[in-house]
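Here's the structure we're looking at; comments come further down.
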């Protein structure tokens, strides 16, 4: 028997979704770890943010991989969703999806698009001003304009204190992220072929913990900064 | 019991179909779903109408012929059950029951509830076999020792009857549970190792060519499969394909 085809198969396509998903989940964990520092030590948060914001390897090696992963994961997900709709031309008059699969697994497009919409707001809030300061104004110092201390913690606090609408949007987005991860975490393992009776229950449990605790951590930080600073 | 049936009627592959309402009366709860369909068809024939076409053969849950998407689920509401083994006691008097063909681009409707599932045959032809010396000196299969655990998993995978419920129920019309089972039943046995490298690649390539959708791991196929085929077979197929294509 000889090999019939060398192109990217439907399994290759789902493996690519899984690999970019793994990288994005790793990034979420790293992002949360740094953000949590803002609650416990503004100075440490400033220093670590400055390091991550100016380190050559992180800025020019990891950041491009991250941007690629985000764009690829969304674009590829939409493409696969389009292909999947083409695979059933006539729809069912009655389709009981809830009888055999979770809402999360059936609606990754909805939760994914909600996270995408959130990313637009998040980039507007943080990433675009950061890139503007560093690369368009050439200010790599990480200092405030008046030179009194570093800017990162204050910038973070400013976004949430006195901003109930923004906090609400962030909270909503973290809930959607949680729903996305509740399916995505364990699904990524299945896609790369990892499924066995001994470890799959552990992976599912870890996936549920990750999907709840990581968004909860982000949610806590947003609410903390909203509440802790006087209104 | 008295029932209202909403059934997909389509004269042939190339004409448009539609849902049509029928009433059936005095249905016994002990009838199988297909016997209830027989009652309807007798009623239609006696009334000079065209009976509803549907696939069936053994009527004991092992041939994989019967299909039907009943009230939004492949083979109806009872788990691990084919339509022929589904009984009317699973329904209530006065119910309205939707009966549709298994829907997928790769399963075109031939007539009414009958769909063409030959795409499954072509996937099987692409690699679902082993090479055996048939010159008369064929080695006794039992001469090769196989761990019980592997033999059991292989038999579980081989329990797939190829009915297509996995495709019908999947929101993406993916055939990965079927293909995963057919690859696994050989991958788990020493007799299947000879063609292992190409088998997964060839069968998956054929599956893609037939126009099935991509798997998004919802797990609906496993729940609706009348033979309880496990999702672990899809993961094994992924491993087989990746090791075959990466290691060459």
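Consider the stretch B:128-163. How many of its residues are farther than 30 Å from residue B:70 by Cβ and outside any helix (DSSP H, G or I)? Explain how you work it out, then say what you get.
Keep residues of the stretch B:128-163 that are farther than 30 Å from residue B:70 by Cβ, which gives B:129-154.
Right, trim to outside any helix (DSSP H, G or I) and you get B:129-140, B:144-147.
Counting residues in the stretch B:128-163 that are farther than 30 Å from residue B:70 by Cβ and outside any helix (DSSP H, G or I) gives 16.
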Checklist entry - Does residue B:21 count as in contact (Cβ under 8 Å) with a residue 12 or more places away in the chain, within 23 Å of residue A:93 (Cβ to Cβ) and loosely packed, with under 14 Cβ neighbours inside 10 Å? => result yes
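Identify, from the list B:45, B:78, B:52, the residue that is more than 14 Å from chain A (Cβ to nearest Cβ) and either within 18 Å of the chain's Cα centre (by Cα) or not in a loop (DSSP other than H, G, I, E, B) (or both). Give the derivation first.
On the way: B:78 fails: more than 14 Å from chain A (Cβ to nearest Cβ); B:52 fails: either within 18 Å of the chain's Cα centre (by Cα) or not in a loop (DSSP other than H, G, I, E, B) (or both).
Just a single option satisfies the conditions, and that option is B:45.
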Item to check | Unique residue being buried (at least 20 other Cβ atoms within 10 Å of the Cβ) and closer than 25 Å to residue A:45 by Cα when the list is A:181, A:156 | outcome: A:156
Item to check | Matching entry among B:175, B:220, B:165 (being in contact with a strand residue (DSSP E or B) (Cβ under 8 Å, 6 or more places away or on another chain) and within 14 Å of residue B:74 (Cβ to Cβ)) | outcome: B:165
Item to check | Pair list, Cβ under 6 Å, 6 or more apart: the stretch B:86-113 residue more than 9 Å from every other protein chain (Cβ to nearest Cβ), other residue assigned to a strand (DSSP E or B) and surrounded by fewer than 17 Cβ atoms within 10 Å (Cβ to Cβ) | outcome: B:96/B:4; B:112/B:9
Checklist entry - Restricting the stretch B:202-218 to residues that are at the interface with chain A (Cβ under 7 Å from one of its Cβ atoms), touching a helix residue (DSSP H, G or I) at 6+ places or on another chain (Cβ under 7 Å) and outside any helix (DSSP H, G or I), which is nearest to residue A:85 (Cα to Cα)? => result B:213
Checklist entry - When the residues of the stretch B:164-196 are filtered to those that are within 11 Å of another protein chain (Cβ to nearest Cβ) and outside any helix (DSSP H, G or I), which remaining residue is surrounded by the most Cβ atoms within 10 Å (Cβ to Cβ)? => result B:175
Checklist entry - Quick one: would you say residue A:93 is in contact with a helix residue (DSSP H, G or I) (Cβ under 6 Å, 6 or more places away or on another chain) and within 14 Å of chain B (Cβ to nearest Cβ)? => result no
Checklist entry - Restricting attention to the stretch B:221-233, and to residues there that are crowded, with 20+ Cβ neighbours inside 10 Å and within 7 Å of chain A (Cβ to nearest Cβ), which single residue is farthest from residue B:162 (Cα to Cα)? => result B:232
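Can we say residue B:131 is surrounded by 21 or more Cβ atoms within 10 Å (Cβ to Cβ), in contact (Cβ under 8 Å) with a residue 12 or more places away in the chain and farther than 14 Å from residue B:5 by Cα?
On the way: surrounded by 21 or more Cβ atoms within 10 Å (Cβ to Cβ): no; in contact (Cβ under 8 Å) with a residue 12 or more places away in the chain: yes; farther than 14 Å from residue B:5 by Cα: yes.
Judged against the criteria, residue B:131 is not a match.
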Checklist entry - Among the listed residues A:109, A:44, A:80, A:113, which satisfies the condition of being at pLDDT 95 or above, more than 14 Å from chain B (Cβ to nearest Cβ) and touching a helix residue (DSSP H, G or I) at 6+ places or on another chain (Cβ under 7 Å)? => result A:44
Next on the checklist: Can you find a residue that is part of a helix (DSSP H, G or I) and surrounded by 12 or more Cβ atoms within 10 Å (Cβ to Cβ) anywhere in the stretch B:109-119?
Outcome noted: yes
Next on the checklist: Going through B:218, B:138 one at a time, which residue ends up being crowded, with 24+ Cβ neighbours inside 10 Å and more than 25 Å from residue B:118 (Cβ to Cβ)?
Outcome noted: B:218
Checklist entry - Taking residue B:199 and the conditions (1) assigned to a helix (DSSP H, G or I); (2) under 20 Å from the mean Cα position of the chain (by Cα), which numbered condition does it fall short on, given that it satisfies the others? => result (2)
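Before we move on, is residue B:197 touching a helix residue (DSSP H, G or I) at 6+ places or on another chain (Cβ under 7 Å), modelled with pLDDT under 95, over 30 Å from residue A:96 (Cβ atoms) and not assigned by TED's automatic domain parsing to the domain that holds residue B:61? Before you say what the answer is, go through the steps one by one.
Numbers: touching a helix residue (DSSP H, G or I) at 6+ places or on another chain (Cβ under 7 Å): yes; modelled with pLDDT under 95: yes; over 30 Å from residue A:96 (Cβ atoms): yes; not assigned by TED's automatic domain parsing to the domain that holds residue B:61: yes.
The answer is yes for residue B:197.
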Checklist outcome for this item: Those residues of the stretch B:21-39 that are farther than 16 Å from residue B:71 by Cβ and more than 22 Å from the chain's Cα centre (by Cα) come to a total of 8
Item to check | Subset tally (residues that are within 16 Å of residue B:153 (Cβ to Cβ) and within 7 Å of chain A (Cβ to nearest Cβ)) for the stretch B:239-248 | outcome: 1
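The values are calculated or read from the model by the stated rules, or taken from the named source; none is laboratory data. Note that the coordinates shown come from a computational prediction; the quantities given were computed from them, not determined experimentally. As a convention, Cβ positions derive from the backbone with ideal geometry for all residues, glycine included, and neighbour counts pool all protein chains shown.
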